[in-house]
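The values are calculated or read from the model by the stated rules, or taken from the named source; none is laboratory data. These figures come from a predicted structure and were not determined experimentally. Here Cβ is always computed from backbone atoms with ideal geometry, including for glycine, and neighbour counts include all displayed protein chains.
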Amino acid sequence: MTDLTDPAIVGQRTPRVDGEDKLTGHADYTGELHVDGMLYGYPVPATIAHGSLESLELDAARHMPGVVDILHHGHFPALHRSPNSLKHGDRVSEERLPFEDERIHYHGQYVALVVAETFEQARAAAYRVTARYRHDDDAMPSLLLSEAEGILLDDAGYSRGDAAAAFQIAPVTVDETYRIEAESHLPMEMHATLAEWRDGGQRLVVHEATQGVIYQRNALARVFAMPQESIEVISHYIGSGFGNKLFMWPHAVATVAAARMLGRPVKVVVPRQQDMMNGGNRPASRQRIRLGAERDGRLTSIMHDSTTETARVDRYVDHCGNATPSAYACDNVTTTQRIVAVNHGTPCMMRAPGETSGLYALESAIDELAIALAMDPVELRLFNYAASDPKSGLPWSSKQLDKCLTRAAKRFGWKSRDPAIGSMRDNDEIIGYGMASATWSAGRQPCEARVELRADGSLFVACGTQDIGTGTYTVVAQAAAELSGLPVEKVEVKLGEASLPAGPLSGGSMTTATTLPAVAAAVRDALHALKEVATRPGSTFDGVAPQSIRVAEGALVTDDRRASYAEILGRQRLSSVNGSGSAKPGNERKQYGFRSFGAHFVEVRWDPGISRLRVARVVSSIDVGRAINPATARNQVEGAIVMGIGMALLERLDYDPRDARLVNANVSDYRVPVHADMPEIDVELLDYPDFRCNEFGARGIGEIGLTGVAAAIANAVHHATGKRIRHLPINLEKLM
Ligand code: MOS
């Protein structure tokens, strides 16, 4: 059997197997689907953030051409809330059902859904719906505008040693508070649902842009009180998600209900402006970091106190202190977590939730400590290196952060840095160098997969996970090709349907580590079945012991015989042999700490004459075990670095301090980096396969690239300008 310590296809830069479908427009993105008889829904968003709906004037809209129906609080079926449990696979992003009552909790909350024959008709009529509201005057506009203290979560803190006492006596300390404004996920594709009831309403087929077809299927089953088996959820392609498509949102419930009420398929694509109001956000955070150290740089105390926003309707916690207990070898560490309810759309996980916010604060504070100690920040990090996991006491499965730090420093040219503020110049520009560490959890979930080895010489692989643009189709094909000895072109991968064998959410950077071992088990199972067929009377290997048969390039071989899979199946008049497999994390999770690591080095250039700040260069080394496909893996890190530049310099959701309305719900006023903002990005993927995580040696790569980027940029900005900006984004007015 194939040796995964020295693979042939795994680890190669295989071009994306879905690339052609995407480039030629054959990829079936939900928002672009069309089925016969389909109606279009267009939601009407609340124009206030806090209060209640007094009346809806619908007559004008009702008489518009093509309008079929308008759903709202007074005209909507009684449904059920989902229990909203991660463990039971029915988690939703927002528990409240659409139109459930007349309370308005945030700007952009749906107050009606207009359904019409065409998209244009639905939109035109939606604009004619007039809502009247009663305002409540105690709207909470944002955590950072209010400076509210929040509710302390008893179950979300961590403590070892006596951090407060150690801080008191530490000769060198840092005590600073860092703020991050709320951000939008802003995926290319907005939330979208196409719902179709079949068999006289007995069966429901939903196309959804989701990172979790099975979760959405389960949640719909709860909401519509149906057996899970009667619902199919399909998500073959997603224009990314970054976490806001992990769990079901109210637009999907409204769409499914509309299709049932009207007896016709209905599609809703949430308009961009509404998507930014009601489709998820990374909540704002306020984090106080206290560090204590000896004069030689040894950390003696870390205290990380976080407050983040949640919604009025739901409880979401962005655990900023997630990584802190494991980050450094330090005997005394505490983290606390508070939440404040604000009148925003419900926040949700956004790419590396917790760590992304948390490492901005922690890794900025470590930089401030390095300056206070007059110590190089790379040396300070290596000096306090956590060689085992200080939180669990367990050894790491594999940790190459030291190599990330030293290798990236070398490629970047960190040695040439003059630590004096503003000392490095290039004509009108002041150059700043900054760096930070990256880390993200390396989880794994149970998974099942099914394969068919077919008489036409192809291999079909099915798993109920999704490819959210990260390359899952491709790495699954590579794994199946590796194990079967068939070329990648002969592998057909089916993902993104809830009725396929149970696969994981595309979240938490767990998909590869979770899915590939199950696929491998299924391929082995099929090969086992094939050997049985091959040794039947009259077959090529009649009389041969199955264990002496080897697998080689799409054929079974012994020392003197060889037959391709197709020949073996053909001879027995079989169309295929099937295999099924499952895999789950085991005891190793009790023996080792699992995390991924990295280091980012950043050069910024600040031109004070014209107040121009740009990121000129990013050099990163990332340790995620083995990259199954270094091309798609590198794309993930590069994309994450772009997102980190946005977080550090540009992105913020602006809420009106008077009434909590979102004032920049569009992509011209909400600024993201564009091509002209792009630096040189140089990503190195270290190649230390982590066979304790799974037989492929792969951890996961979707999220880690974002962690630490904003801190590295803020640290570089300080080096260039002397200004320590502890409030993201670092927009220019903060530097002037
Ligand atoms: Mo990621 S926030 O788990 O999509």
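Values computed for the structure shown
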quantity	calculated
Residue in the range 728-736 that is over 22 Å from residue 320 (Cα atoms), touching an Asp or Glu at 6+ places or on another chain (Cβ under 6 Å) and either away from the ligand (no atom under 16 Å from the Cβ) or not in a loop (DSSP other than H, G, I, E, B) (or both) present	no
Matching option when the condition is assigned by TED's automatic domain parsing to the domain that holds residue 640 and either at positive phi or within 16 Å of the ligand (Cβ to nearest atom) (or both), among 357, 397, 364, 416	357
Selected residue (criterion: nearest to residue 183 (Cα to Cα)) from residues of the range 207-236 that are within 16 Å of the ligand (Cβ to nearest atom) and among the hydroxyl-bearing types (Ser, Thr, Tyr)	210
From the options 711, 720, residue that is within 27 Å of residue 627 (Cβ to Cβ), in the same structural domain as residue 623 (by TED's automatic domain parsing), part of a helix (DSSP H, G or I) and away from the ligand (no atom under 16 Å from the Cβ)	711
Check on residue 536, of a type in the set (Lys, Arg), without any contact (Cβ under 8 Å) to a residue 12 or more places away in the chain and more than 30 Å from residue 675 (Cα to Cα)	no
Neighbours by Cβ (under 9 Å, 6+ apart or cross-chain): first from the range 339-354, under 13 Å from residue 318 (Cβ atoms) and free of Cβ contacts under 8 Å to residues at least 40 places away in the same chain; second within 16 Å of the ligand (Cβ to nearest atom) and of a type outside the set (S, T, N, Q)	354/317; 354/318; 354/319; 354/320; 354/323
Enumeration of residues in the range 336-353 that are more than 16 Å from the ligand (Cβ to nearest atom) and either among the hydrophobic types (A, V, I, L, M, F, W, C) or surrounded by fewer than 24 Cβ atoms within 10 Å (Cβ to Cβ) (or both)	336, 338, 339, 340, 341, 342
Candidate set: the range 562-584, residues that are under 29 Å from residue 695 (Cβ atoms) and of a type in the set (D, E, K, R); chosen: the one nearest to the chain's Cα centre (by Cα)	584
The range 577-600, subset of a type outside the set (Ser, Thr, Tyr) and part of a loop (DSSP other than H, G, I, E, B), residue surrounded by the most Cβ atoms within 10 Å (Cβ to Cβ)	594
Selection count, the range 19-78, where residues are assigned to a strand (DSSP E or B) and not aliphatic (A, V, I, L, M)	14
Any hit, the range 230-245, residues being assigned by TED's automatic domain parsing to the domain that holds residue 39, assigned to a helix (DSSP H, G or I) and surrounded by fewer than 22 Cβ atoms within 10 Å (Cβ to Cβ)	yes
Elements of type helices (runs of 4 or more DSSP H) contained in the range 459-576, each with 1 or more residues being within 16 Å of the ligand (Cβ to nearest atom)	472-484, 511-534
Of all residues in the range 642-681 being among the acidic types (Asp, Glu) and in a loop (DSSP other than H, G, I, E, B), the one that is surrounded by the fewest Cβ atoms within 10 Å (Cβ to Cβ)	669
Pair list, Cβ under 9 Å, 6 or more apart: the range 240-253 residue at positive phi, other residue hydroxyl-bearing (Ser, Thr, Tyr)	240/470
Count - residues of the range 215-225 that are part of a loop (DSSP other than H, G, I, E, B) and either in contact with a Leu (Cβ under 7 Å, 6 or more places away or on another chain) or buried (at least 24 other Cβ atoms within 10 Å of the Cβ) (or both)	1
Yes/no for residue 204 being in contact with a Leu (Cβ under 8 Å, 6 or more places away or on another chain), away from the ligand (no atom under 16 Å from the Cβ) and assigned to a helix (DSSP H, G or I)	no
Counted residues, the range 144-161 - those being within 20 Å of residue 183 (Cα to Cα) and of a type in the set (D, E, K, R)	1
Qualifying residue in the range 79-93 (condition: surrounded by 13 or more Cβ atoms within 10 Å (Cβ to Cβ), touching a residue at least 60 places away in the same chain (Cβ under 8 Å), touching a Cys at 6+ places or on another chain (Cβ under 8 Å) and in a loop (DSSP other than H, G, I, E, B))	yes
